[in-house]
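The values are calculated or read from the model by the stated rules, or taken from the named source; none is laboratory data. As the structure is a prediction and not an experimental result, all values here were calculated from the model. Here the Cβ positions follow ideal geometry from the backbone for every residue, glycine too, while neighbour counts run over all protein chains shown. Please note that ligands, DNA and RNA were not included when accessible areas were found on the heavy atoms of the full protein model with its side chains. Shrake-Rupley method; radii C 1.70, N 1.55, O 1.52, S 1.80 Å.
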Amino acid sequence: MGARSLPKIGFLSDVSADLRTMLSEQATDVTLQPGDILFEQGDVGDALFAIMSGAVEFSVLAMDGRKLTLDMMRPGALFGEISLFDPGARTATATAVEETLLCRVRHADVLQQIRQRPDLAVDMIHLAGQRMRWMGRQLNEQVFLPLPTRLARKVLHLSPEGSSPPFKISLSQAELAEFVGATREAVSKILSSWKREGVIDSARGGLVVKDLDALQVLAEPDQI
């Protein structure tokens, strides 16, 4: 078992000390190289993962066979926690986009610990509740917020934790459009406007965030 301390940001930022200790004690390291697939859509899930370094892309296959990118997670992000309660089929494919270090906690190990210490189950339920609320907020944003606001929030979400501008986000306009549920043309028009305003700049295979404060303002609904 690993003794590595799990990240204190993201969904693990306010878990109890007992739960953090238990998860850390049960965690083992998983190292991925760019392009390595951690799991595929439809695989049986039996573990929670925390990203220690690097980045993981989540994608699904559309009915016509096209890959649709759903999200990209970076250090501090937690995924797969539902499998700690109920192992089932993975709903997306997880692929490393750069060299990535993960901590893996398996369902069977956590279940054994909870049987020995039932009080930990309350903390686990709290953690699952946080994820459900986050998913609800994401759905509300997708339905009710205008496209420029959604795009600004997505770029902020994809920005490396603690980075200062300028920094690059390696996603194409087509991938950003998939993230926010819009056409590439619509996203390109917004990005061109932001480029003229000095918020971002173009870069090969992505974009460069130049003014983080301005981007945060654009992410507020009342600014649109």
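The table for this structure:
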| quantity | calculated |
| --- | --- |
| D43-F85 pseudo-label distance in nm [points 7 Å out on the Cα-to-Cβ vector] | 2.3 nm |
| Dipole moment magnitude, nearest 20 debye, the stretch 128-224 about Cα centre, only Lys, Arg, Asp, Glu C-beta charged | 220 debye |
| Per residue, in Å², the accessible surface of the chain once ligands and nucleic acids are set aside, probe 1.4 Å | 52 Å² |
| Read-out Cα Rg over 2.2 N^0.38 Å, derived from the coordinates shown; its label in [x] 1.01; [y] 1.08; [z] 0.94 | [y] |
| Helix 184-196 vs. the chain, principal-axis angle (Cα, 0 to 90°, nearest 10) | 70 degrees |
| Protection proxy ranking, peptides 171-177, 213-219, 60-66, 79-85, average beta carbon neighbours within 10 Å, highest first | 79-85, 171-177, 213-219, 60-66 |
| Structure-based [θ]222 nm, the chain - -39500 (n - 2.57) summed over DSSP H runs of at least 4, per residue, nearest 500 | -12000 deg cm²/dmol |
| Linear extension gain, R137 paired with V60, 0.36 nm per residue minus alpha-carbon span | 25.6 nm |
| Acute angle (nearest 10 degrees) that the helix 17-26 long axis makes with the longest principal axis of the chain, alpha-carbon atoms | 80 degrees |
| Carbon/sulfur fraction of accessible area - the stretch 18-104, other protein chains in place, 1.4 Å, % | 53 percent |
